[in-house]
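Throughout, read-outs are computed from the coordinates displayed, never taken from laboratory work. Note that the structure is predicted; figures quoted are calculated from it, not measured. Positions of Cβ are backbone-derived with ideal geometry, glycine not excepted, and every protein chain shown enters the neighbour counts.
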Amino acid sequence: MAYTGRLNKLDNYRFELPTEGSQRDSSKAPMRVPGLVYAGEKMIDAVKADDALYQVTNVATLPGIVGRSIAMPDIHHGYGFAIGAVAAFDADEGIISPGGVGYDINCGVRLMRTDLTLGEIKPRVSKLINTMFNNVPCGVGQGGRLRLADHQLEEVLVQGARWVVSEGYGWDDDPQFMEENGGINVADPGLVSPQAKKRGASQLGTLGAGNHFLEIQRVDTIYDQEAATTFGIEAVGQILVMIHTGSRGCGHQIATDYLGEMRKANKKYQIPLIDPQLSCAPASSPEGQRYFKAMNCGANFAWANRQLIMHWVRESFESVLGRKASDMGMHLIYDIAHNMAKLETHTYEGQKRQVYVHRKGATRAFGPGHRDVPEKYRAVGQPVLIPGDMGTASYLLAGTEKAMRETFGSTCHGAGRQLSRKASVKKHRAEEIFAGLEQQGVYLKAKSKRVIAEEAPGAYKNIDDVVAVCDQSGISRLVARMIPVGVVKG
């Protein structure tokens, strides 16, 4: 259902959903705060085309929400919360909601630099992609190369990527270039169901399907040379590798389990809901804390998953190119999550407050000087990774002070869908996509033709427009643009 409520233009890149006149039905629960939508003039009609903005107003009705209910330019319909939503809730008076995180807990992006150039690898791109495809299991329900004992899985759920590195799958300095150093300490595997553990035990180190991918990319444009150099990007043509995946069946099962618990908690605490998909519990309640600690286990699994995949990517390059990964400069630039609820301290109305920031299809974008930004990057701000999809560009940006003031240190996470997967399959043929990518000089290796049709570039908004809004509005700033050379899809 298209949005027909009030929408006030604040400037060229921001629109407000006022507390009066924006909701579809305010009789169940009125908005406690306004909504704030980031979008350019030429994309606002597309943003209004489905009911995602009504989902933004629905989130604004939840107890303890601080500031505004925020929509990024890649926003589209999701479960409860829209995908591309940001909302912060007071740690004492607010709520925590699985709908504000999503099923793929800590779906995230990892970007690795190299010293290689396109000229050095161009004759071997297909072999590199085929080797990565063989080394990294991918596809729906695909099991991994490792089989974890129960105690090993519990260590993964508590330590995240740090456990993987300690087992020899990575370099000692890898975790310092990950959000939360690759693992959140507030995690309790005792709160993760046997079914979630079972699904996770066989899937560590797997890519999955959907919009997840491995890409060999080349730097196409550098916008900020100082920041780019700080991040390890030196010149146009430099080869990078991007990994986009999440917590697989483990995270999905954790979300499923706790959605059921939250429905019961909602009734227990008598929280009025305008949409039952917003099921939640007071953040400080036993139910809220159980979900938070279990969700963090899913997040740690995802960081461990991407770490293991990166290790096998390094091995693939070594195998094909006959050089050590260290000699090719294959250092991690950064790893960042985009489906999380995190307890953070932010300044709001002049006072520091602890809030649970829900970023569903949104990315953390902390500004220069923040203590949670790796020391090496602190002068320029946190790296922000925005993935494209099969033939479209991806971006590296940096967090800003304006994001800290206005969006709780958040920005967009990707292009955002404009066609459902079903509609994309009807409109696009896998063979045509393969041919189009070949014409662009992109080598694609995929497990499923259907997934290729589902994830066609035309199923997504124009990522250049989305990123431009974030840059021009000041909530993140452009550093570099990358285009694909080779792609692995599940």
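Miscellaneous remarks
- Crossing angle, helix 430-440 versus the chain [Cα axis fit, 0-90 degrees, rounded to tens]: 60
- Karplus-derived HN-Hα couplings along region 23-28 (A = 6.51, B = -1.76, C = 1.60, θ = phi - 60°), whole Hz, x at Gly and Pro: 7, 6, 8, 8, 5, 6
- Local electrostatic count, residue 265, Cβ distance below 10 Å [Lys/Arg +1, Asp/Glu -1]: +3
- Kirkwood hydrodynamic radius of region 370-451, from inverse mean 1/r over distinct Cα pairs, in Å: 15.8
- Between 0 and 90°, nearest 10: helix 463-473 axis offset from the chain longest Cα axis: 60
- Exposed-loop-free span, longest in the chain, where GluC sites (Glu not before Pro) count as exposed if DSSP calls them loop and at most 16 other C-beta atoms lie within 10 Å: 350-490
- The Cα center of region 95-144 and the Cα center of region 18-89 differ in position by 31 Å.
- Principal axis dimensions, largest first and in whole angstrom, of region 2-121 by Cα: 63, 37, 22
- Counted by Cβ distance under 14 Å from residue 4, the other residues give a net charge of -1, where Lys and Arg count +1 and Asp and Glu count -1.
- Principal-axis tilt of helix 248-269 within the chain, Cα atoms, nearest 10 degrees: 10
- Under-5 Å amide H pairs with residue 348, H placed in peptide plane, nonlocal only: 353
- On the principal axes of its alpha-carbon atoms, region 217-325 has extents of 60, 33, 21 Å, going from largest to smallest.
- With θ taken as phi - 60° and the Karplus curve 6.51 cos²θ - 1.76 cosθ + 1.60 applied, the whole-hertz 3J(HN,Hα) list for region 392-404 is 9, 6, 10, 10, 10, 10, 10, x, 9, 5, 5, 4, 5 Hz, x standing for glycine and proline.
- Per-residue 3J(HN,Hα) values for region 228-236, derived from phi via the Karplus relation 6.51 cos²θ - 1.76 cosθ + 1.60 with θ = phi - 60°, read 4, 4, 4, 7, x, 9, 10, 7, 4 Hz in sequence order (x marks Gly and Pro).
- [x] 64, 26, 17; [y] 33, 25, 22; [z] 39, 25, 23, with the label sought being that of the calculated semi-axes √(5λ) of the Cα gyration tensor in Å: [y]
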